[in-house]
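Working notes, structure below.
The values are calculated or read from the model by the stated rules, or taken from the named source; none is laboratory data. If you're wondering where the values come from, they're calculated on a predicted model, not measured in any experiment. Ideal geometry is used to build each Cβ from the backbone, glycine not excepted, and the neighbour counts take in all protein chains shown.
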Amino acid sequence: MIIVFGSINLDLIFNLPRIPAPGETVLGPSTRIEPGGKGANQAVAAARDGARVIMAGSVGRDTLGDTALTLLRAAGVNLDRVGLVADSTGCAAISVDPAGNNAISVGSGANLSSRASQVEDAVLGSDTTVVLQMEVPVAETAALIARAKVRGARIVLNLAPAAALPEEALRAVDVLVVNETEAAWLGRHLNCKATAKALRDRLGGVSVVLTRGGEGAEVAGSEDVWHEAAEAVDAIDTTAAGDCFVGVLAHRLDRGETLRAAVRRATIAAAVCCTSHGSQGSIPTAAETDAFANDQAGMSR
């Protein structure tokens, strides 16, 4: 079972001819409104890949809150541990250029009211994978990592956006996922090189997956280090690809697959995600990921 503790947002997505520079206004043809937030995106990704998922987080008692939960509900994610709070629902403004690059601004809102206590000890155990990011209060993330570790749960941390966690918490996770920007920040924070191997060694053996977009991923497992090639696709929107990767990775680890196999599956799912517009809505189902993988296998014969 997957437990995701993290953010739940509503995304405003602007397809623009270019990402605005500071002080610049860039006009686009339209706006899409879609559920998002790193926590919710990762929960949907795991559920669509076939996992049983519990979401813990917070939304506001406003008109945005119910909309922010629609795709979680549609994916069958358990929402019993999602709190309704007085603050406004988290909201993100996402600008996307024709190459699929994006720039994101987030108003945290209700996400700052999320508490580790929303996940009770009874659902933490050796048959549980806990997935966390950095869009809810850092102290609450650290507290849940500590409790999950004591109870024997697998812990997958996506250090996104990069922020300071106590080193004790970082060393307690099983798999740390970072992109290049986050790895660079963490390397400076820990006074080590920003490579998967250096971060793994500095953190006492924590498996590290360093994603590099179209260049694939650099992976340092408990015993080996390798480069996982990206799938070649015509990317039109990369907005939720990283979250898709994390959610699918967590599901595959939860079902007992090796880190290498889980990274391969997550890489394929993230590639499929990049071929559709949107954030949470672009995350593929297991059938869509399977179909892409089968097509690629057929082409390589």
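Observations
- Those residues of segment 251-301 which are among the hydroxyl-bearing types (Ser, Thr, Tyr) and touching an Asp or Glu at 6+ places or on another chain (Cβ under 6 Å), in sequence order: 267, 279
- Subset of segment 49-64 [touching a strand residue (DSSP E or B) at 6+ places or on another chain (Cβ under 9 Å) and either of a type in the set (Ser, Thr, Tyr) or modelled with pLDDT of 95 or more (or both)]: 51, 52, 53, 54, 55, 56, 57, 58, 59, 60, 61
- If you go through segment 199-208 and pick out every residue that is out of contact with any Leu (no Cβ under 9 Å at 6 or more places or on another chain) and closer than 13 Å to residue 178 by Cβ, you end up with 0.
- Segment 227-245, residues that are over 24 Å from residue 103 (Cα atoms) and surrounded by 14 or more Cβ atoms within 10 Å (Cβ to Cβ): 228
- Residue 71 passes every criterion in (1) closer than 30 Å to residue 293 by Cβ; (2) touching a residue at least 60 places away in the same chain (Cβ under 8 Å); (3) of a type outside the set (Gly, Ala, Ser); (4) buried (at least 24 other Cβ atoms within 10 Å of the Cβ) apart from (4).
- Complete set of residues in segment 182-218 that are touching an Asp or Glu at 6+ places or on another chain (Cβ under 6 Å) and either within 15 Å of residue 262 (Cα to Cα) or among the β-branched types (Val, Ile, Thr) (or both): 210, 216, 217
- Filtered by the rule that a residue be among the polar types (S, T, N, Q) and free of Cβ contacts under 8 Å to residues at least 60 places away in the same chain, segment 157-194 gives 181, 191.
- Residue within segment 278-285 that is aliphatic (A, V, I, L, M) and more than 15 Å from the chain's Cα centre (by Cα) present: no
- Which listed residue, of 26, 44, is out of contact with any Phe, Trp or Tyr (no Cβ under 8 Å at 6 or more places or on another chain), among the hydrophobic types (A, V, I, L, M, F, W, C), under 18 Å from residue 252 (Cα atoms) and touching a residue at least 40 places away in the same chain (Cβ under 8 Å): 44
- Residue count for segment 31-53 satisfying the condition of being among the basic types (Lys, Arg) and touching a Lys or Arg at 6+ places or on another chain (Cβ under 9 Å): 0.
- Any hit, segment 26-49, residues being among the polar types (S, T, N, Q) and surrounded by fewer than 24 Cβ atoms within 10 Å (Cβ to Cβ): yes
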